[in-house]
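Please read the structure below before turning to the comments.
Every read-out reported here was derived from the displayed coordinates using simple, explicitly stated rules and does not represent laboratory data. Computed from a prediction, not measured in an experiment: that's the story for all the values here. Every residue, glycine as well, gets a Cβ built from its backbone with ideal geometry; the counts of neighbours run over all protein chains shown.
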Amino acid sequence: MVKKSPLQFFVLSLFLIALDQTVKLLVHFNMEPGFAGQIRLLGDWLKLHYVLNPGMAFGMQLGHEYGKLLLSLFRLVAMVGIGWYLVHLAHRGAPNGLLWAMAMILAGAVGNVIDSTFYGVFLDNAPYGSTTPWFHGQVIDMIFVDVWEGFLPDWIPIWGGQYYSTPIFNIADSCIFVGVCIILFFQRRFFREPHDEDDFLPDHPSPEEASVLPMSELEGDSPAESAHKDPDPVSTDDPQTSQPRTRTSTDE
């Protein structure tokens, strides 16, 4: 494996983070929350719909009193871990596809960490009753793929009889989702073990590393030498064959 620089992959993460934050701030300062400010992009199935998400990705939440704080701290630790793992993979020469996917996941994690950490302070969107606005900011979601909405049947456990619509998400969520899908779809290519014989060959041999095997170390004879050899040599060690054959005569 050839050691790679993680810089280009971090550049992709920074670009996606900037894009995510730009879209979120544009939505916050230029759109009304809910259906009143909804904007149709492609017919009735792709819309911009401004909502605040106090929980995890795609609108999921933790019901514990300190759930939001724990979630924000978990995101922070996960962000550091993903960044370290990206550097580790790059130094080990992992496939570029895996590194691009990890860069997307890192961008999504950082994007939502920024919301949770700072939006409660700078955008004043922390839920009512929060112990502190720090780490209690609500994530801004806006991408609404309106495939289906309505009331779920009563026979469905827990959620039966409740109103449901397709989850609304943001660019950071999309980055995480796409990155994970890429890893799942190509995991056999990304994580396959090298063949044993590959360990004896350098990945990128240089002219300085090339060497010529001395003729004295070659086993066997060359084709040219074999062609000039007698195909059926006569051994001189055999006394019967070492003496010249003479014809004798006898008197009758």
Taking amide hydrogens as modeled 1.01 Å from N in the peptide plane, which residues meet the under 5 Å criterion relative to THR166, leaving out close sequence neighbours? VAL147, TRP148
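Rank the residues HIS136, HIS28 as a footprinting-exposure proxy: fewest other Cβ atoms within 10 Å of their Cβ go first.
Values: HIS136 22, HIS28 16.
Sorted ascending by nearby Cβ count, the order is HIS28, HIS136.
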Label model pair HIS88, LEU14: point-to-point distance (7 angstrom along the Cα→beta-carbon line) in nm is 2.4
At a 10 angstrom cut-off on C-beta neighbours, averaged per residue, how do the peptides 40-46, 7-13, 114-120 rank from highest to lowest? 114-120, 7-13, 40-46
Which peptide among 99-111, 141-153 comes first, and what is the full order, when sorted by highest mean count of other Cβ atoms within 10 Å? 99-111, 141-153
When the expected Rg is taken as 2.2 N^0.38 Å, what fraction or multiple of it is the alpha-carbon Rg of the stretch 7-193? 1.12
